[in-house]
Amino acid sequence: MMMKGLKFRRTWMIALAVFMLLSVLTSLSPNSPRAQAAVSSKTIVGYWHNFDNGSGFIKLRDVSSKFDVINVSFAEPTSGVANGTIGFTPYNYTEADFKADVAYLQSQGKKVIISIGGQNGQVQLASTAARDNFVNSVTAIIENYGFDGLDVDFEGHSLYLNAGDSDFKNPTTPVIVNLISALRTINNHFGTDNFYLTMAPETFFVQLGYSFYGGSCISCDSRAGAYLPVIHATRDILDWLQVQNYNSGPIIGLDDQYHTMGNADFHVAMADMVLTGFPVAKNPNLFFPALRPDQVVLGLPANTNAGGGFTSVSEVQKALDALIKGIQLTSYKTRGSTTGYPDFRGVMTWSINWDKFNNFEFSNSHRAYLDALTPPVPDTQPPTTPTNVTVTSKTSSSINLSWTASMDNVGVTGYTVFYGNQSIDVTSANAAITNLTPDTTYVITVKAKDAKGNQSAASAPLTVKTDPANTGGDQTAPTAPSNLQATAKTATSVSISWTASTDNVGVTGYTVSYGSNSIQSTSTTATINGLSPSTSYTFTVTAKDAAGNVSPGTSISVTTEAQGGAQAWAPNVSYKLNDEVTYSGKTYICRQPHTSLQGWEPPNVPALWKLK
């Protein structure tokens, strides 16, 4: 990757010169930049510079909407190569503003990942102490800034293989073993569902392993293929591999021919190696298994300034046609599949900044290509199914409902409530169905929908019968409840009491309403739970008699106590710095003040909430 200048390492070319004795390697410019990139399914990923190297500085919130994953580059060692401690300080930002921009991108459905290493950020975890320092410091960075995951961009001499370490499935070199342990520990800490792990090695560390493997060859660079044991040991938690198909010398492909960067042939041959798998160092007993197509991304420079091996839009899309659609090149035929990989992830670029410098040619062109694929590949993951659909109150002509809110990776935007052959749309997890027929049975289901238009499965059906119509002679409503008062309150609950209403046929119960919610009580007291701290609520109590007549309401306003401990997270609540909430059995700490919204549940917006 390109770091804070336009240089890239020549060590890789020197190593290949040793291997191949190819003088062509020395022709590559020593001032070319380096790059890395990653991507999710049919997604474009770009690296965002935490520095200004002449490409121009961009605020995170101003990143082109064409990017789906933004890799913040880079977090780097703070105490030398071998200590393992990683640090990160936002460039040209206050910490609060940087966190706010991370949260803003996440609210748009983007993923923001911290990338570690780069050309200048070499890391060697040669000891368990360095490993532990790495785990602790990286975990702290991710939690502090609310990143969605970790991208490993170890370059230079970060990874190597000791002599005799010849089996990539059972590595023994400490820098390899400790990195594998560290990545699994970090992943386990955050949980697989909400954490992204990606890698952006150079071809030297991956595809070169087909010809040479650093732990088993004589007089070759010990770093050759050194990423292979790390990739293999984490393939079950690896979201995608985005090999840097730039700043590379010629590489031998599965056809045993050299392939040179900058054209479709190179990209197809390099991708095919990890999509098909290959014998490491051509040893048939040490076969590196193929990755899933959705784990493979093409890494490309955004323009000629960004890295050696810039590839034109037409050549990149020719490569994608071969990989995704199976439209084979004349120069190289894919080995793993001749009909293409429809689930191939997409493309990444070094970098977002260089893309803007180049008038967004990369992101605009390849976004249009990916969006035009058949079948379409936007987000198709539906929200979770609404649960616990409950009747909160009903009359002869209306039914009030509530349910447990759904969750979704891009945010729930609303719900559709179905009853009979009719439906209504609501934006929150409650609804009032009106103009119903008295004494009639309705079967009710609820579906959630997200920002991409995906709809969940229907909730379990709820059968409800409206009350009979009041056709008797009694038309007299009960008297209004009196002496309404708050008897107790906490940060999340209020208890109230009132003097009983009177009625000629007898009061059957009371309804306590607040906002769009309500609860039922058969006595003259009620406790309302699930409220927000330091919030004013108006509670209105009405009485109902046996004939269905409803009294006038009596109201009281009560402000809940300030939060004294972790309360259940709720939407539309103003949270302060360090407020604690619980969600799905876990406790989260507020990173920055905000008003919560449906879809901004703590696991979905780590820039706003830190897992305690």
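Scanning the stretch 159-170 for residues that are open to solvent by less than 20 Å² (accessible area, probe 1.4 Å) and out of contact with any Lys or Arg (no Cβ under 9 Å at 6 or more places or on another chain), which turns out nearest to GLY277 (Cα to Cα)? It would help to see each step written out before you state the result.
If we filter the stretch 159-170 for residues that are open to solvent by less than 20 Å² (accessible area, probe 1.4 Å), which is where we start, we get 159, 161, 165, 168.
After this cut, where a residue has to be out of contact with any Lys or Arg (no Cβ under 9 Å at 6 or more places or on another chain) as well, the list is 165, 168.
Working: ASP165: 20, PHE168: 13 Å.
Across the stretch 159-170, the extreme among qualifying residues is PHE168.
The residues of the stretch 505-520 that are among the hydroxyl-bearing types (Ser, Thr, Tyr) and closer than 17 Å to THR538 by Cα, listed by number, are TYR510, THR511, SER513, TYR514, SER516, SER518.
In the stretch 120-137, the residues that are of a type in the set (Gly, Ala, Ser) reach residues that are part of a helix (DSSP H, G or I) with C-beta atoms within less than 8 angstrom, at least six apart or across chains, in these pairs: ALA126/PRO174; ALA126/VAL175; ALA126/ASN178; SER127/PRO174; SER127/ASN178; ALA130/ASN178. Regarding PHE287, is this residue under 21 Å from THR334 (Cβ atoms) and free of Cβ contacts under 8 Å to residues at least 12 places away in the same chain? It is true that PHE287 is under 21 Å from THR334 (Cβ atoms) and free of Cβ contacts under 8 Å to residues at least 12 places away in the same chain. The one condition from (1) open to solvent by 50 Å² or more (accessible area, probe 1.4 Å); (2) outside any loop (DSSP other than H, G, I, E, B); (3) under 19 Å from GLY46 (Cα atoms) that VAL297 does not meet is (1).
Across the stretch 544-583, the qualifying residues are those that are charged (D, E, K, R) and open to solvent by 70 Å² or more (accessible area, probe 1.4 Å), and the one among them that is modelled with the lowest pLDDT is GLU561. For the stretch 433-453, what are the residues that are open to solvent by 60 Å² or more (accessible area, probe 1.4 Å), among the hydrophobic types (A, V, I, L, M, F, W, C) and assigned to a strand (DSSP E or B)? Scanning the stretch 433-453 gives a single hit, VAL443. Scanning the stretch 59-68 for residues that are touching a Phe, Trp or Tyr at 6+ places or on another chain (Cβ under 8 Å) and open to solvent by less than 10 Å² (accessible area, probe 1.4 Å) gives a single hit, LEU60. Examine the stretch 470-485 for a residue that is surrounded by fewer than 17 Cβ atoms within 10 Å (Cβ to Cβ), in contact with a strand residue (DSSP E or B) (Cβ under 9 Å, 6 or more places away or on another chain), among the β-branched types (Val, Ile, Thr) and not in a loop (DSSP other than H, G, I, E, B), and state whether such a residue exists. No, the stretch 470-485 has no match at all. Selection within the stretch 397-428: residues that are within 21 Å of VAL605 (Cα to Cα) and open to solvent by 20 Å² or more (accessible area, probe 1.4 Å). The member of this set that is nearest to the chain's Cα centre (by Cα) is ASN409. Taking each residue of the stretch 226-254 that is among the basic types (Lys, Arg) and looking for partners that are surrounded by fewer than 24 Cβ atoms within 10 Å (Cβ to Cβ) with beta-carbon atoms closer than 7 Å, six or more apart or interchain, yields ARG235/LEU291. Out of everything in the stretch 99-145 that is open to solvent by 30 Å² or more (accessible area, probe 1.4 Å), assigned to a helix (DSSP H, G or I) and hydrophobic (A, V, I, L, M, F, W, C), what residue ends up being modelled with the lowest pLDDT? Out of the qualifying residues, it is ALA100.
Rundown of residues vs (1) under 26 Å from the mean Cα position of the chain (by Cα); (2) crowded, with 17+ Cβ neighbours inside 10 Å, yes/no style:
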residue	(1), (2)
PRO293	yes, yes
ASN305	no, yes
GLY309	no, yes
THR338	no, no
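For residues in the stretch 584-594 being in a strand (DSSP E or B) and without any contact (Cβ under 8 Å) to a residue 24 or more places away in the chain, which is least open to solvent (accessible area, probe 1.4 Å)? Here the residue is CYS590.
Condition test on THR522, is it under 20 Å from SER107 (Cα atoms), without any contact (Cβ under 8 Å) to a residue 24 or more places away in the chain and of a type in the set (Ser, Thr, Tyr)? Before you say what the answer is, go through the steps one by one.
Numbers: under 20 Å from SER107 (Cα atoms): no; without any contact (Cβ under 8 Å) to a residue 24 or more places away in the chain: yes; of a type in the set (Ser, Thr, Tyr): yes.
For THR522, the condition - under 20 Å from SER107 (Cα atoms), without any contact (Cβ under 8 Å) to a residue 24 or more places away in the chain and of a type in the set (Ser, Thr, Tyr) - is not met.
Considering only residues in the stretch 171-195 that are farther than 19 Å from TYR588 by Cα and part of a loop (DSSP other than H, G, I, E, B), the one that is least open to solvent (accessible area, probe 1.4 Å) turns out to be THR173. Of everything listed in (1) under 12 Å from the mean Cα position of the chain (by Cα); (2) buried (at least 21 other Cβ atoms within 10 Å of the Cβ), the single unmet condition for ILE86 is (1). Looking only at residues in the stretch 595-607 that are at pLDDT below 85 and assigned to a loop (DSSP other than H, G, I, E, B), which one is farthest from PRO386 (Cα to Cα)? So the residue we want is ALA607. Cβ-Cβ distance below 7 Å, separation of 6 or more or different chains: which pairs start in the stretch 528-542 with a residue that is touching a residue at least 60 places away in the same chain (Cβ under 8 Å) and under 25 Å from GLY509 (Cα atoms) and end on one that is open to solvent by 10 Å² or more (accessible area, probe 1.4 Å) and of a type in the set (Val, Ile, Thr)? The qualifying pairs are VAL541/THR554; THR542/THR511; THR542/VAL550. Within the stretch 224-240, being assigned to a loop (DSSP other than H, G, I, E, B), surrounded by fewer than 23 Cβ atoms within 10 Å (Cβ to Cβ) and not hydroxyl-bearing (Ser, Thr, Tyr) holds for ARG235, ASP236, ILE237, LEU238.
In the stretch 457-469, the residues that are touching a residue at least 60 places away in the same chain (Cβ under 8 Å) and buried (at least 17 other Cβ atoms within 10 Å of the Cβ) form Cβ pairs under 8 Å with partners that are part of a loop (DSSP other than H, G, I, E, B) and hydrophobic (A, V, I, L, M, F, W, C), at six or more places apart or across chains, as follows: THR466/LEU436.
The values are calculated or read from the model by the stated rules, or taken from the named source; none is laboratory data. Every value quoted in this text rests on a predicted model; they were computed, and no experiment measured them. FYI the Cβ positions are ideal-geometry reconstructions off the backbone, even for glycines, and counts take in every protein chain you see. Just so you know, the surface numbers come from the protein's heavy atoms only, side chains and all, with ligands and any DNA or RNA stripped out. Shrake-Rupley method; radii C 1.70, N 1.55, O 1.52, S 1.80 Å.
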